[in-house]
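To start, the structure under review is shown below, and the notes come after it.
Each reported figure results from applying straightforward, stated rules to the coordinates on display, with no laboratory input. Just so we're clear, the structure is a prediction, and the values are computed from it rather than from any experiment. No Cβ is skipped: glycine too gets one built from the backbone with ideal geometry, and neighbour counts run over all protein chains shown.
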Amino acid sequence: MEDTSYNPFMMAQKQFDNAAELLELDPATRDLLRVPLREYQFSIPVRMDDGQVKVFRGFRVQHNDARGPGKGGIRFHPQETINTVRALSMWMTWKCAVVDIPLGGAKGGIICDPHNLSLLEQEKLCRGWIRQLAKNVGPLSDVPAPDVMTNSQHMLWMLDEYETIHGAKYPGFITGKPVGMGGSLGRTEATGYGVMITVREAMKELGIDLQKTTASFQGFGNVSQYAIELYQQMGGTPVCVSCWIQKEQKAYSFFKKDGFNLKQLLAITDHFGEIDKTKAQDLGFELLPGDGWLEQDVDLLVPAALENQITGESVNKISQQVKIIAEGANGPTTPEADLVIKKRGIHVIPDFLANAGGVTCSYFEQVQSNQNYYWAKEETLGKLDQKMTNAYLDVSKFATKNKLYMRDAAYMISVDRVAKACKARGWV
Amino acid sequence: MKTQSGSLASPKLIPYVRNANDPDHNIQIIGSGSIGGKAQGLVFLQDLLSSSDLIQKYPQTKVIVPDMVVIGTEVFDSFLEKNNLVRFTDSDHTDDQIAHAFQQADLPFFVLGDLRSLVEEIQNPIAVRSSSLLEDATYEPFAGIYSTKMIPNEQFDPDFRFRKLSEAIKFVYASTFFKAAKSYRNATGHDHREEKMALIIQRVHGARHHVRFYPDLSGVARSYNFYPVGKAKPEDGVVSLALGLGKTIVDGGRSWTYSPAHPRIAPPYGSINELLKNSQREFWAVNMGAPLIYDPIRETEYLIKGDLPTAEKDGTLKELCSTYDSQGDRLQIGMGNPGPRVLNFAPLLQLKRIPLNKLIQELIRICEEQLENPVEIEFAMTFSPPSLGLLQVRSMVVSSDEVEVSEQDLGDPNALAASEKALGNGLVENIKDIVYVIPENFELEKTREMAEELDQINGELVRKGSPYLLIIFGRLGSSDPWLGIPVNWGQISGSRVIIETYQEGLSADMSQGSHFFHNLTSLGVSYISLPRAGKYQLDWSWLSEQKEIQKTKYLRHIELKSPLGIKIDGKAGRAIILKSRGKNG
């Protein structure tokens, strides 16, 4: 089960150690924050549709809750490991801290492939996960959310099981619910818009006129689509976007020199974010290889697909014109590539800052659900803009003042905030 | 700031910076696109204040353009497009339906953060004002055509203030497609799609008095007087003043109108009694107390009216009023003695403790020089301490065609009407339709019903493309139904010539001074006044003999065989309407 070649938890610890060193943290605080506060590993027996009982392995890791209830998604993945969940829970702690929302970091998962499970089996799995954890999660302690291969339906089953066990309604127990069933308006746009808010602020700061810039995007899913939408609304010109073609099991980049129209592109895209190649060519797009998005002469790169996309090898293909990289995806840049980017002086908006719009809006959903009173979309999105802008400015001011790389500055601010909360509580 | 032709150039504004509190840049922009005519005027005024020596010359009075943020027209475009509101561009939905649909829509995401930040910075009443593209492109005034919404913006909770700002913005956006605006654009030959709306979010210039927030004084000053009285010359200009918010003047309510060259001369009221009856008795203020009723689709949702005793308690009458001495049947300047207070602005205009009149005269002169056109300026003032807030400047249209109407011409036996109090200029030779209020049926308490009937007849004539002569009683376009028929511009948009005449019980004060009136004259609609005791009277019996097209409860629409012969001499202020152009024209 354990993947021995790549241990994301060790990588997360390394990043933390670096920040702890820069902050000169005391040994006790380092010991506390290097490992999760609590971990739950358990079995979930499910009677399958064929009458057999199958036992699944589930996790919940609560890395740190000094700043507030834990927050983090639940992943359904056949290659799920406890180390992945540990790493992700730690990154959630930093992400909540960098946007200064009063939440801690957590993550959960089940080793399974939902493609091979019927809906009924998935429902039993969700309810089984809750039965194991009902006493250890909740609106005041740890609030789950959808993540890889989980969706709003899974969240509703989990909520229902939780409420059945506790005998009352707790819509604030879980986020990512559908609108009208405790979900928040604006959640769909939040991550993509959030990425672009940080880009907008970065350009203001660097004295770049956004309306004269061009950009290239990796991925054409939810994050990328809304990031492009806002970028275009603000007057920017997107020229390239890549997407995964399921049938061919490979990615392509779609390039249009003078810029493309998002609406036009969406009209030839299916709901998985897959663009129709032939129709795109009819619209005047040039078809390039999968990593073509990275090589364009643009001002802004937005990797918004998967992790480890900008590697030690591909980093050298980045054009000299590129001034900003905004990481819409989690961990799109390998540490090796990061060193090169840092050296070249490209302004990086690190992943856990750039894509924190999602968790910020989840927090808003939680607040609304706890009050059982729901805001207008423009109220949610207005607050999102303010949170993200303030978060970006905090990090960039700190980076400028202390002559730091943006990623290091973001880590330092987050770790410092969490460390201070632990100290204030008298834990260390 | 000024192009060679004298019109305003489009300025480049500093983008709004959150929490910057930058006193050097009190005009900023959110979003891109044009900033519209009104905003351009204000930027011009701001530049004028920094470059002229006006501020140094009047050290006791602070002269400012109140802090403002402009929302560019691009935001309006994006708002319409995202919410599919373009469908209202040519629709015949009612104003309320349009306002309601706009309230349901979402503002574009890219302005939300800035707007939230804005209400957190300002905790003072704000006005959301229209600044339209057509105002900018033409000299045609759109004053009073689009809505302005004022909100108290003083609640503790910034979320609440944000919601109210958002509602106000959507309401003003909606007013772009209200009936009056559509009629106005039709009449001025503009396509509805040409119009785009920028907005001005501006601090209301005033002070709080208990639950009311208002300026001590609002005013409109024009450098050209269409209707000079007595010694005054057209070039002397004209100023209208009112207590409280400028809504009183914009709506054509009771205000004090005088010539800045002769500030001591009162308007031509026949007697003190008439002056008492016709001077301003009520004023508008922003309601800072408990809201009266939740109604985001009303312009006046957060406005309240106060009366003179209230203003006296607020301490705002000191520079503005006199007291009626019943024993001497005269007015005494100030409030030294008890008695009815009269808003005649005498302490200000006669005692001149604060040099407002001089300041305004100088301001309009400089603006006129810079813009190479007669100008109109709107302002608001507070007295403790003296602070003059400039709210608008625009060029005026003054006709220059030469038409002469002599005194002898007025005595023509073929005249339907003649007047020595006429505005406008030129010959009008294509009018065969006349709409008039039936004198026997006129009742002051029914003016609202008359407005509705007028709306319907006007609609038909506009559809037919027939310009018409309108004859009414009282002051047209006043929002106060006791002063005359309370129409808005859209309800009479097809008229080319208007005769205001009088009956017993109606105020003799003319429409002039109101924005409504200004819009009419600037669009070339001629205006003829027939005072009750005037030399020339209307030939009512001839009207009643003409072919009737439609008769309603209060109005009659007639059609002539041949067009009227209408001549207006702008210079002399004389007009004559001959019953038939063919015979006498």
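Within region B:179-318, how many Lys pairs sit with Cα atoms under 22 Å apart, leaving out pairs fewer than 8 places apart on the same chain? So the count of such lysine pairs works out to 13.
Assuming charge only on the beta carbon of Lys and Arg (+1) and of Asp and Glu (-1), the dipole of region A:187-354 about its Cα centre is about 220 debye to the nearest 20. The peptide list A:139-146, B:169-176, put in order of mean Cβ contacts within 10 Å with the highest first, becomes B:169-176, A:139-146.
Cβ crowding within 10 Å, taken as a proxy for footprinting-reagent exposure, orders A:Val148, A:Val367 from fewest neighbours to most as A:Val148, A:Val367.
Highest-first packing order for the peptide set A:101-111, B:430-440, B:323-333, B:105-115 is A:101-111, B:105-115, B:430-440, B:323-333, based on the mean count of other beta carbon atoms within 10 Å.
Residue separation of B:Glu445 and B:Val17 scaled by 0.36 nm, minus their Cα-Cα distance, works out to 148.9 nm of gained length. Extension gain for B:Glu121-B:Ser384 works out to 92.3 nm (0.36 nm per residue, less the C-alpha to C-alpha distance). Potential lengthening of the chain between A:Ile245 and A:Glu39 amounts to 70.4 nm, from the contour at 0.36 nm per residue minus the alpha-carbon distance. Report summary: the helix-based calculation at 222 nm, which adds -39500 (n - 2.57) for every DSSP H run with n ≥ 4 and divides by the residues of the protein assembly as shown, gives -10500 deg cm²/dmol. Of the residues A:Phe217, B:Phe442, A:Phe254, the one with the fewest other Cβ atoms within 10 Å heads the list, and the complete ranking is B:Phe442, A:Phe254, A:Phe217. A straight Cα-to-Cα reach below 12 Å connects B:Lys561 with the aspartates and glutamates B:Asp433, B:Glu548, residues fewer than 8 places away in its own chain not being considered.
Only helices reaching 15 angstrom along their own axis (Cα) with mean Kyte-Doolittle hydropathy no lower than 0.5 count here, and for the DSSP H runs of chain B these are B:109-121. Taking every residue in B:74-86 and counting other chain Cβ atoms within 10 Å of its Cβ, the average works out to 1.
Annotation note: GluC sites (Glu not before Pro) in region A:225-309 located in DSSP loop regions with a Cβ neighbour count of at most 10 within 10 Å are A:Glu248. Averaging the sequence gap over all C-alpha pairs within less than 8 Å and six or more residues apart, then dividing by the number of residues, gives chain A a relative contact order of 17 percent.
Near A:Glu313, once Lys and Arg are set to +1 and Asp and Glu to -1 for all other residues with Cβ below 13 Å from its Cβ, the sum equals -2.
Placing +1 at every Lys and Arg Cβ and -1 at every Asp and Glu Cβ, with all other atoms neutral, what dipole size does region B:220-351 have around its Cα centre, in debye to the nearest 20? Using Cβ point charges on Lys, Arg, Asp and Glu, region B:220-351 gives about 280 debye. For region A:355-413, trypsin sites (Lys or Arg not before Pro) meeting the loop criterion (DSSP other than H, G, I, E, B) and having at most 15 other Cβ atoms within 10 Å: A:Lys403.
By the scheme Lys and Arg +1, Asp and Glu -1, what is the net charge of all other residues having a beta-carbon under 15 Å from that of A:Trp94? So the surrounding residues net to +3. Given +1 at the Cβ of Lys and Arg, -1 at the Cβ of Asp and Glu and no other charges, the dipole of chain B around its Cα centre is 600 debye to the nearest 20.
Lysine pairs in region A:351-418 whose alpha-carbon atoms fall under 26 angstrom of each other, counting only those eight or more residues apart or on distinct chains, come to 5. Looking at chain A alone, DSSP beta bridges between its own residues are antiparallel in about 50 percent of cases.
Would you mind telling me the antiparallel percentage of the DSSP bridges in region B:14-204, rounded to 5? Bridges in region B:14-204 that DSSP calls antiparallel: roughly 70 percent. A convex hull fitted around the alpha carbon atoms of the protein assembly as shown yields 216 Å³ per residue. Most simply put, chain B has about 75% antiparallel DSSP beta bridges, counting only bridges with both residues inside it.
For region B:220-351, the gyration tensor built on C-alpha atoms gives an oblate shape. Its axis ratio a/c (a ≥ b ≥ c) is at least 1.5, and a/b is not larger than b/c. For region A:315-332, backbone nitrogen atoms closer than 19 Å to the point 7 Å from A:Leu288 Cα along Cα-to-C-beta are found at A:315-329. Inter-label distance, B:Ile333 to A:Leu22: 7.2 nm, where each label sits 7 Å from its Cα along the C-beta direction. Between B:Lys561 and A:Gln211, the FRET efficiency estimated from the beta carbon spacing at R0 = 51 angstrom works out to 0.25.
Compute the Cα gyration tensor for region A:271-428, then decide on rounded, prolate or oblate, letting a ≥ b ≥ c be the square roots of its eigenvalues: rounded whenever a/c is under 1.5, prolate when a/b is larger than b/c in the other cases, and oblate in all that remain. Oblate.
In straight-distance terms, cross-link reach from B:Lys553 covers every one of the lysines whose alpha-carbon lies under 21 Å from its own, apart from those fewer than eight places away in the same chain; here that gives B:Lys446. Count Lys and Arg as plus one, Asp and Glu as minus one, and take only other residues whose Cβ is under 12 Å from that of B:Pro260; the net charge is then +2. Neighbouring Cβ atoms from other chains, within 10 Å of the Cβ of residues in A:88-100, number 0 on average. Among A:Asp416, A:Asp299, B:Asp569, the ranking by other beta carbons within 10 Å of each residue's beta carbon, starting with the fewest, stands as A:Asp416, B:Asp569, A:Asp299. If you run the Gaussian network model on chain A, springs between alpha carbon atoms under 10 Å, then out of A:Ser118, A:Ser369, A:Ser43 the most flexible one is A:Ser118. Peptides B:32-40, A:87-95 ranked from most to least packed, by the mean per-residue count of other Cβ atoms within 10 Å: A:87-95, B:32-40.
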